[in-house]
Amino acid sequence: MHGTLNDQSLIYLQIAQMLEDDILRGVYQEGEQVPSTNELARGYNINPATAAKGINLLVADGILFKKRGIGMFVAQGAEQAVRQKRKDAFYDTFIRPLVQEGASLQVTGEELLEMVRRAIQEGEGK
């Protein structure tokens, strides 16, 4: 188990995100077992029901699956699913508002793309 909990968001969401992070970093591979709700509860000193709620989010997204009586495992294609989920959230959280703000400032599409290119170049120089 990696990461620490904070007061910034709901605990079960943080549990789900930490497991997703571990999948993206290769800590848990496809077909590999992830910590149980009880292990997560002990490790983070939280209620097992809270840990289960975080795990169930990932089951609902097809990222984890349950082997009855054994535990939870990383599903086939989980890394790609997490990456796509995060890209979709990035688009909704950052790109759409960026385009909307650009439109309100009468920034053309080409000007906006040039600004993004410049920001990428500046980021590569660091």
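The values are calculated or read from the model by the stated rules, or taken from the named source; none is laboratory data. Everything numeric here is computed off the predicted structure, so don't read it as measured data. Counting neighbours? That spans all protein chains shown, and the Cβs are built from the backbone with ideal geometry, glycine included.
Scan the stretch 15-40 residue by residue and report those that are in contact (Cβ under 8 Å) with a residue 40 or more places away in the chain, buried (at least 16 other Cβ atoms within 10 Å of the Cβ) and over 13 Å from ASN56 (Cα atoms).
Selection gives ILE23, TYR28.
Please specify each residue of the stretch 15-49 satisfying the condition of being on the phi < 0 side of the Ramachandran plot and not in a helix (DSSP H, G or I). Full working, then the answer.
Pass one, the stretch 15-49, residues on the phi < 0 side of the Ramachandran plot: 15-25, 27-30, 32-44, 46-49.
Listed by number, the residues that qualify are ARG25, VAL27, TYR28, GLN29, GLU30, GLU32, GLN33, VAL34, PRO35, SER36, ILE46, ASN47.
How many of the residues making up the stretch 65-85 are more than 13 Å from GLN33 (Cβ to Cβ), charged (D, E, K, R) and loosely packed, with under 13 Cβ neighbours inside 10 Å?
In the first step, residues of the stretch 65-85 are kept if they are more than 13 Å from GLN33 (Cβ to Cβ); the result is 68, 76-77, 79-85.
Subset that is charged (D, E, K, R): 68, 79, 83, 85.
Then keep just the ones that are loosely packed, with under 13 Cβ neighbours inside 10 Å; that gives 68.
Looking only at that region, the number is 1.
Got a number for residues in the stretch 115-126 being among the charged types (D, E, K, R) and surrounded by 10 or more Cβ atoms within 10 Å (Cβ to Cβ)? Even if it seems obvious, please write down each step before you answer.
First pass over the stretch 115-126, keeping only residues among the charged types (D, E, K, R): 117-118, 122, 124, 126.
Applying the additional criterion that residues be surrounded by 10 or more Cβ atoms within 10 Å (Cβ to Cβ) yields 117-118.
So the count comes out to 2.
Among the residues of the stretch 49-56, is any within 20 Å of SER9 (Cβ to Cβ) and in contact with a strand residue (DSSP E or B) (Cβ under 7 Å, 6 or more places away or on another chain)?
Here is the first cut: in the stretch 49-56, the residues within 20 Å of SER9 (Cβ to Cβ) are 49-56.
Then keep just the ones that are in contact with a strand residue (DSSP E or B) (Cβ under 7 Å, 6 or more places away or on another chain); that gives 55.
The answer is yes, given that some residue of the stretch 49-56 is within 20 Å of SER9 (Cβ to Cβ) and in contact with a strand residue (DSSP E or B) (Cβ under 7 Å, 6 or more places away or on another chain).
Here is a yes/no grid of residues against (1) within 23 Å of GLN17 (Cα to Cα); (2) of a type outside the set (A, V, I, L, M, F, W, C); (3) surrounded by 10 or more Cβ atoms within 10 Å (Cβ to Cβ); (4) outside the structural domain of GLY62 (by TED's automatic domain parsing):
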site: LYS87; (1), (2), (3), (4): yes, yes, yes, yes
site: THR93; (1), (2), (3), (4): yes, yes, yes, yes
site: GLU101; (1), (2), (3), (4): no, yes, yes, yes
site: SER104; (1), (2), (3), (4): no, yes, no, yes
site: GLU110; (1), (2), (3), (4): no, yes, no, yes
site: LEU113; (1), (2), (3), (4): no, no, yes, yes
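Just a yes or no: is a residue in the stretch 7-14 among the aliphatic types (A, V, I, L, M), at pLDDT 95 or above and not in a helix (DSSP H, G or I)?
The answer is no, given that none of the residues of the stretch 7-14 is among the aliphatic types (A, V, I, L, M), at pLDDT 95 or above and not in a helix (DSSP H, G or I).
For the stretch 63-120, how many residues are of a type in the set (S, T, N, Q) and touching an Asp or Glu at 6+ places or on another chain (Cβ under 6 Å)?
If we filter the stretch 63-120 for residues that are of a type in the set (S, T, N, Q), which is where we start, we get 76, 80, 84, 93, 100, 104, 106, 108.
Subsequent filtering for residues that are touching an Asp or Glu at 6+ places or on another chain (Cβ under 6 Å) retains 76.
Of the residues in the stretch 63-120, 1 are of a type in the set (S, T, N, Q) and touching an Asp or Glu at 6+ places or on another chain (Cβ under 6 Å).
Going by what's in this entry, would TYR44 be described as surrounded by 13 or more Cβ atoms within 10 Å (Cβ to Cβ), touching a Leu at 6+ places or on another chain (Cβ under 9 Å) and more than 25 Å from ASP88 (Cα to Cα)? Steps first, answer last, please.
Values: surrounded by 13 or more Cβ atoms within 10 Å (Cβ to Cβ): yes; touching a Leu at 6+ places or on another chain (Cβ under 9 Å): yes; more than 25 Å from ASP88 (Cα to Cα): yes.
Spelling it out, TYR44 is indeed surrounded by 13 or more Cβ atoms within 10 Å (Cβ to Cβ), touching a Leu at 6+ places or on another chain (Cβ under 9 Å) and more than 25 Å from ASP88 (Cα to Cα).
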